[in-house]
Amino acid sequence: MPLLLGASLCSAGEYREPTGGADFARMRVNWTPREEDRAIAARAWEMLSNSHRGLPRSERKLRVVYVTFRDRPALPGYRERYDRILKNIQAFYADQMKANGFPALTFDLELDEAGKVVVHEAYVDKLMAEVGIRSSGTVAREAARGVLAAKGLNLDNEHILLVCQLPDGVGPYYGAGHSHAGIGYTCDQPGLDPLNFCDSEEMKEARYPMTRGRNTTVYVGGTTHELGHGFGLPHTGEDPRYPDASCRSLMGDGNHTYGNELRGEGNGSYLAPADAMKLASSPLFCGVETTLAADTIPGEFCGSYEPMTVEKLEITPVPEGVRVKGKINPERKPYGVTLYLDPPEDDPWVEYDGERFIRPRSWCDYDTGAVTGNISPEGEFDITITRPGYAKDKIELRVTVLNANGSRGLHFEMLTVTPEGFILKK
């Protein structure tokens with residue numbers, strides 16, 4: 001897994017020449033992780049490393065497929081631009097994983113002999129008017145499947161960035177996946193390039209009025225966010241222990257702040273500790289090949305899940321939150337735990353069936369709070385999570401146990417809110 005050297009942009013719009021031969025702009029790390037979280041990450045990495053000892057090295061790489069439609073040809077310079085975009089994103093993940101207390105783990109890219117990102121080309125014989133935001137993703141994926149199969153690659157076993165050449169509002173912007181495979185969907189547009197983060201020119205052709213630099217933030221940030229889903233990351237909102245609201249969680253609404261710091265418009269985006277903890281076990285990031293168990297299934301939230309029984313679960317109210325203690329069978333080699341508090345959504349598509357929230361649309365949970373913690377070799381954990389200011393009557397607690405092979409165990413509880421805090425609903 002590469003440790004990257006690259007360039008950075010300054011808020012004045014000056015582009016500093018890259019070092020080490022890498023032609024991309026590098027984001028700054030503008031947040032300070034808690035030492036407690038870094039210590040949790042260090043312990044988790046120690047447990048992962050012990051579990052992975054003796055396993056083969058992973059040769060996985062992120063594949064990029066650029067899909068054109070009958071009336072939407074490829075945009076100029078897309079190969080050079082996506083080389084810069086993907087190396088920018090690759091460096092962001094490396095820097096954020098290191099800030100979180102892990103090694104500078106990131107995904108490998110498929111490169112040609114000149115060191116440039118390989119972009120596979122696929123074609124859909126349809127007009128733009130024949131597809132919508134959902135159907136465009138399906139037809140693009142199947143076109144990509146055929147192109148990759150011709151090169152000996154199975155789309156279902158790879159991590160893919162699928163770039164549709166369709167306009168904003170028609171093309172797909174979503175992603176789904178797990179530790180061993182997934183797809184992030186996004187679209188190309190004129191001038192989408194990390195070199196433009198500091199460009200103050202107004203974009204008349206943009207769907208929403210904004211400068212070229214702001215547009216770069218939204219759509220390179222969007223690409224980084226959707227890739228996160230493809231890597232198996234769910235939505236993760238702000239951690240109340242990190243109160244600087246000008247630096248936003250990438251898997252919350254941080255896709256809209258990615259690179260803001262380069263224009264002096266805030267502190268940009270960060271990778272939340274709960275998300276870094278998940279990526280650490282993905283073969284694409286940790287560089288060690290693992291195998292998912294036969295009983296692993298895709299979950300409602302991005303990720304792959306194995307059955308898990310919590311032998312002991314104690315939920316104790318604390319001010320504005322809960323303390324959760326539990327014990328599981330450690331046979332699946334867990335290395336960490338993440339807790340989520342997910343409020344109900346003001347969205348007509350979200351229903352409550354008396355036990356849990358049902359989300360036909362996975363993007364309803366941007367405000368989900370998350371914390372991470374260690375688990376003992378015997379499978380015991382003790383973690384506290386808070387949600388300051390939350391006053392509604394229901395909130396969903398998700399206990400996610402992370403396994404060394406990249407899978408997760410998942411346990412739901414519905415909590416009610418009382419003056420004393422959040423308690424288990426009986």
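Quick notes
- Ordering of 119-126, 370-377, 81-88 by packing is 81-88, 370-377, 119-126, highest average first (other Cβ atoms within 10 Å, averaged per residue).
- The residues packed around residue 156, meaning those with a beta-carbon under 11 Å from its beta-carbon, carry a net charge of +1 if Lys and Arg are +1 and Asp and Glu are -1.
- Whole-Å distance, taken between Cα centres, linking region 234-311 and region 373-414: 14
- Amide hydrogen neighbours beyond the local backbone of residue 211, cut-off 5 Å, H modeled: 203
- Among 158-168, 194-204, the peptide with the highest mean count of other Cβ atoms within 10 Å heads the list, and the full ranking is 158-168, 194-204.
- Taking 0.36 nm per residue of sequence separation and removing the Cα-Cα distance, the residue 35/residue 112 pair yields an extension gain of 23.7 nm.
- Taking amide H positions as modeled 1.01 Å from N, with prolines and chain starts lacking one, the residues under 5 Å from residue 394 and 5 or more places away or on another chain are 417.
- The spread of Cα positions in the chain, taken along each principal axis and listed from longest to shortest, comes to 59, 47, 44 Å.
- Residue-wise HN-Hα couplings along region 113-125, as the Karplus relation 6.51 cos²θ - 1.76 cosθ + 1.60 with θ = phi - 60° gives them from phi, are 5, 8, x, 9, 5, 6, 10, 6, 10, 10, 10, 10, 7 Hz; Gly and Pro carry x.
- At an R0 of 30 angstrom, the distance between the Cβ atoms of residue 151 and residue 50 translates into a FRET efficiency of 0.25.
- Seen against the Cα atoms of the chain and their longest principal axis, helix 212-230 is set at about 50 degrees.
- Per residue, the chain exposes 41 Å² of solvent-accessible protein surface, assessed with a 1.4 angstrom probe and all protein chains in place.
- Relative contact order of region 54-152, taken over Cα pairs closer than 8 Å and 6 or more residues apart, is 38 percent.
- Percent antiparallel among DSSP beta bridges (both partners in the chain, rounded to 5): 70
- Atom-type composition of the exposed protein surface of the chain places 52 percent of the accessible area on carbon and sulfur (1.4 angstrom probe).
- Accessible area, probe 1.4 Å, largest first, for residues 214, 134: 134, 214
- For residue 236, nonlocal amide neighbours, meaning residues 5 or more places apart or on other chains whose placed amide H falls under 5 Å from its own, are 251, 252.
- A simple rule links phi to the HN-Hα coupling: the Karplus curve 6.51 cos²θ - 1.76 cosθ + 1.60 with θ = phi - 60°, which for region 146-162 gives x, 5, 5, 4, 5, 9, x, 10, 9, 3, 6, 10, 10, 9, 10, 9, 9 Hz, with x for Gly and Pro.
- Convex hull (Cα only) mean projected area of region 41-100, reported in nm² to one decimal: 6.3
- Taking all Cα pairs closer than 8 Å and separated by 6 or more residues, the relative contact order of the chain comes to 16 percent.
- Distance (nanometres) between label positions extended 7 Å along Cα→Cβ at residue 294 and residue 123: 4.4
The values are calculated or read from the model by the stated rules, or taken from the named source; none is laboratory data. A quick note: this is a predicted structure, and the numbers were derived from the prediction, not measured. Because the Cβ atoms are built from the backbone with ideal geometry, glycine has one as well, and the counts that use them run over all protein chains shown. For the accessible areas, the whole protein counts, side chains as well, though only heavy atoms, and no ligand, DNA or RNA atoms are used. Shrake-Rupley method; radii C 1.70, N 1.55, O 1.52, S 1.80 Å.
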